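The block underneath contains the structure these notes are about, expressed in structure tokens.
The values are calculated or read from the model by the stated rules, or taken from the named source; none is laboratory data. A quick note: this is a predicted structure, and the numbers were derived from the prediction, not measured. Positions of Cβ are backbone-derived with ideal geometry, glycine not excepted, and every protein chain shown enters the neighbour counts. In case anyone asks, the SASA skips ligands and DNA or RNA and just uses the protein heavy atoms, side chains included. Shrake-Rupley method; radii C 1.70, N 1.55, O 1.52, S 1.80 Å.
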Amino acid sequence: MLILEDVDVYYGNVQALHGVSLRVEEGEIVTLIGSNGAGKTTTLRTISGLQSPRAGKITFCGQRIDGMPAEKIVGLGIAQSPEGRRIFTNLTVRENLQMGAYLERDKSKVRERLERVEALFPRLQERASQPGGTLSGGEQQMLAIGRALMTGPRLLLLDEPSLGIAPILVQEIFREIERINRELGTTILLVEQNAHIALRLAQRGYVLETGRIVLEDACPALQKNPQVREAYLG
Amino acid sequence: MDAGVLQLPLAIKLDLWLTDQVILVGLFALLALSLNLINGWGRMFSLGHHGFYFLGAYGAAWLTAALPTGLPGALVFVTTCLFGMLVATAGGLLIGVPCLRLRGDYLAIATLGFGEGVRLVISNADVRVPPGFTVPRVLFEVNSSNLLMYRLLFLGIVILLVVGVVLLIRNYVRSSAGRAMLAVAQDERAAGLLGINPTGSKVLVFLMGSAIAGLAGAVYAHYSGSVAPKDFEFVLMVTIFLIVVLGGLGSISGCILAAFLLRATERGLGMVGGVVSEWWQVEFALILILLMIFRPNGIFGPRELTDVIRDWRQRRRAGSKA
Ligand SMILES: Nc1ncnc2c1ncn2[C@@H]1O[C@H](COP(=O)(O)OP(=O)(O)O)[C@@H](O)[C@H]1O
Ligand SMILES: [Mg+2]
């Protein structure tokens, strides 16, 4: 479904990704783990079109998407819940969600998606008319995921959904991520620093170190891998 | 005309003066509302709004003079106002499209250069002494006996336009495109991830703001009967900006109230100051300083008068229960 081949990304003269190749098949949950500064966010930003690769190829469902502007890529069915959540604090929770359906002209579809998202995260329905900025960190994360789902994606990119969130809510959010995959059939690429929880949820994983993919395997194998155990599960 | 006005009874003179003041307040309200669309709701920092006002006024004045005489007055009025709006929008397109692709403060510098440059270029190209246009009266011939009628007519037009622009902004902010504007204003990247084209959204808001300023300029040209470059200097931009900041970025009622307040204090100081016409500089500096200290977000902040009244009532009710 999604294929990255030898992708190089630079910030000015500094190279952040070195020949990154990875693939995500339809229906999978794939995780990309790595420590702070490894290039995980850069990878997702590049897939979403916020950053252009200097070399390499990205294809989604057989179509080249590298170099496309972000708003086009959303329309093809790739949504992202960005690092740090970045919800619109001055819009209400409901308006944040509706913003996700910006490209959808069919009102009944928007309503259907809204019902689905609010069934998934009932807290968002309870707080529908509150400004987004008044939510707790965990609720904001749910809102960011919900907003991404409102675009009606086939592939959902999640950037560190556990970052800075109370452990109980992390559990809840990861349960919902699994449901999104199972019940809605949405393919998921999950970026995490918290390797424990990511490797438990995903089927396959990649390990990113200073801009390079150094390992790739099924998650149970990665969990047993001594290298991974020492660096990420210690 | 002036000699005739001097002989009018005091009551009529007062009426004339009052309508004139309210019309000017209305024009300032239009300018401030349209700048607020760009600076307040859109969070783009534009310093060239006086340039769009200028383009609207000059566009309308030029076309009015260029059209053959004998056409129906109302038709000429509407056509030239639309033309002024169009010229201002074209100016907005010219400066907005290249600048709004960039992020940050380029816009402030570029629009400042635009607002000043467009006036300087046109006034230097103007060979008349002093430079400027006399705008033929198209609605009806004005003399001292019907001057009040004329002003009341423009008062009606200006009030209608202010109401129209208020409704436009209210509906826009609540529409899908308007919420996209608010989203882009807060976080362009996050908005892009939802399929919003940030540049497109910003250009649209910028053009709406330029068009309204151009319309205000065109109405001003018809109302005053003459336009001259000296009416569009940077102090005008400072005034509009001050109204927006005073009224609150993103507040409609604040903007209108601030236009009134600024005009009223300016007049008041003008009377106190007598011949010293530079009092406005002291006034503006003072208002800005007081604002920074007491209301850094403007009179109502981003809220509306109605919100403030509702909160105040709720607090009073809560207070009486306790
Ligand atoms: N906007 C930016 N400008 C310059 N360098 C950046 C920028 N964003 C990230 N980087 C650098 O790119 C590298 C990868 O960062 P990032 O993708 O955010 O890592 P991760 O998400 O894995 O923590 C880091 O060295 C970081 O300093
Ligand atoms: Mg990151």
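Within segment A:207-218, can you find the residues that are buried (at least 18 other Cβ atoms within 10 Å of the Cβ) and within 12 Å of ligand 1 (Cβ to nearest atom)?
Hits for segment A:207-218 are A:VAL207, A:LEU208, A:GLY211.
Condition check ((1) out of contact with any Leu (no Cβ under 6 Å at 6 or more places or on another chain); (2) away from ligand 2 (no atom under 16 Å from the Cβ)) across all residues:
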| site | (1), (2) |
| --- | --- |
| A:ARG147 | no, yes |
| A:PRO153 | yes, yes |
| A:VAL170 | yes, yes |
| A:THR187 | no, yes |
| A:GLU209 | yes, no |
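Assess whether A:PHE88 counts as being more than 7 Å from chain B (Cβ to nearest Cβ) and either crowded, with 19+ Cβ neighbours inside 10 Å or within 16 Å of the chain's Cα centre (by Cα) (or both).
No: the conditions fail for A:PHE88.
Which of (1) in contact (Cβ under 8 Å) with a residue 60 or more places away in the chain; (2) under 13 Å from the mean Cα position of the chain (by Cα) is the odd one out, the single condition A:THR210 does not satisfy?
(2)
Among (1) more than 14 Å from every other protein chain (Cβ to nearest Cβ); (2) touching a Ser or Thr at 6+ places or on another chain (Cβ under 7 Å); (3) under 17 Å from A:VAL191 (Cβ atoms); (4) in a loop (DSSP other than H, G, I, E, B), there is one condition A:GLU83 misses while meeting the rest; what is its number?
(1)
Which of the numbered conditions does A:ARG94 fail, given that it passes all the others? Conditions: (1) outside any loop (DSSP other than H, G, I, E, B); (2) touching a Lys or Arg at 6+ places or on another chain (Cβ under 6 Å); (3) within 13 Å of chain B (Cβ to nearest Cβ).
With respect to (1) outside any loop (DSSP other than H, G, I, E, B); (2) touching a Lys or Arg at 6+ places or on another chain (Cβ under 6 Å); (3) within 13 Å of chain B (Cβ to nearest Cβ), A:ARG94 is out only on (2).
Here is a list: A:THR134, A:THR151. Which entry is open to solvent by 10 Å² or more (accessible area, probe 1.4 Å), of a type outside the set (D, E, K, R) and within 14 Å of another protein chain (Cβ to nearest Cβ)?
A:THR151
Working only within segment A:194-234, note down all residues that are touching a Lys or Arg at 6+ places or on another chain (Cβ under 9 Å), of a type in the set (A, V, I, L, M) and in a helix (DSSP H, G or I).
Residue satisfying the conditions is A:LEU222 alone.
Listed residues B:LEU161, B:LEU193; which is within 23 Å of B:VAL25 (Cα to Cα) and of a type in the set (A, V, I, L, M)?
B:LEU161
Could you run through segment A:164-196 and say how many residues are away from ligand 1 (no atom under 16 Å from the Cβ) and either open to solvent by 10 Å² or more (accessible area, probe 1.4 Å) or aromatic (Phe, Trp, Tyr) (or both)?
19
Assess whether A:GLN141 counts as being within 16 Å of ligand 2 (Cβ to nearest atom) and in a helix (DSSP H, G or I).
Yes.
Does segment A:19-41 contain any residue that is within 21 Å of B:SER176 (Cβ to Cβ) and either within 16 Å of ligand 2 (Cβ to nearest atom) or among the aliphatic types (A, V, I, L, M) (or both)?
Scanning segment A:19-41 turns up no residue that is within 21 Å of B:SER176 (Cβ to Cβ) and either within 16 Å of ligand 2 (Cβ to nearest atom) or among the aliphatic types (A, V, I, L, M) (or both).
Counting just the residues of segment B:196-227 that are surrounded by fewer than 22 Cβ atoms within 10 Å (Cβ to Cβ) and without any contact (Cβ under 8 Å) to a residue 40 or more places away in the chain, which one comes out farthest from the other protein chains (Cβ to nearest Cβ)?
B:LEU204
Checking the condition assigned by TED's automatic domain parsing to the domain that holds B:CYS99 and either open to solvent by less than 50 Å² (accessible area, probe 1.4 Å) or touching a strand residue (DSSP E or B) at 6+ places or on another chain (Cβ under 9 Å) (or both), which residue from B:ARG137, B:ARG189, B:ARG119, B:ARG174 passes?
B:ARG119
Only one residue in A:ILE73, A:ILE47 is within 16 Å of ligand 2 (Cβ to nearest atom) and within 13 Å of another protein chain (Cβ to nearest Cβ), so which one is that?
Criteria check complete, one pass: A:ILE47.
Can you name every residue in segment A:14-29 that is touching a residue at least 60 places away in the same chain (Cβ under 8 Å) and more than 16 Å from ligand 1 (Cβ to nearest atom)?
A:SER21, A:VAL24, A:GLU25, A:GLU26, A:GLY27, A:GLU28, A:ILE29
Among the numbered criteria (1) away from every other protein chain (no Cβ under 14 Å); (2) within 16 Å of ligand 1 (Cβ to nearest atom), which single criterion is violated by A:LEU201?
(2)
Within segment A:194-207, how many residues turn out to be away from ligand 2 (no atom under 16 Å from the Cβ) and either over 23 Å from A:GLN171 (Cα atoms) or in contact (Cβ under 8 Å) with a residue 60 or more places away in the chain (or both)?
So the answer is 6.
Scan segment A:51-61 for residues that are away from ligand 2 (no atom under 13 Å from the Cβ) and in a loop (DSSP other than H, G, I, E, B) and report the count.
4
Would you please list the contacts, defined by Cβ atoms under 6 Å and residues six or more apart or on different chains, that run from a residue in segment B:175-189 that is more than 7 Å from every other protein chain (Cβ to nearest Cβ) to a residue that is open to solvent by 40 Å² or more (accessible area, probe 1.4 Å) and modelled with pLDDT under 95?
B:ALA185/B:ARG43
Could you tell me whether A:ILE78 is aliphatic (A, V, I, L, M), more than 16 Å from ligand 1 (Cβ to nearest atom), farther than 22 Å from A:ILE177 by Cβ and crowded, with 17+ Cβ neighbours inside 10 Å?
no
Please state which one of A:ARG113, A:ARG105, A:ARG85 is out of contact with any Pro (no Cβ under 8 Å at 6 or more places or on another chain) and either aromatic (Phe, Trp, Tyr) or free of Cβ contacts under 8 Å to residues at least 24 places away in the same chain (or both).
Residue meeting the stated conditions: A:ARG105.
What's the number of the only condition in (1) under 13 Å from the mean Cα position of the chain (by Cα); (2) surrounded by 20 or more Cβ atoms within 10 Å (Cβ to Cβ); (3) not hydroxyl-bearing (Ser, Thr, Tyr) that A:PHE121 fails to meet?
Of everything listed in (1) under 13 Å from the mean Cα position of the chain (by Cα); (2) surrounded by 20 or more Cβ atoms within 10 Å (Cβ to Cβ); (3) not hydroxyl-bearing (Ser, Thr, Tyr), A:PHE121 misses just condition (1).
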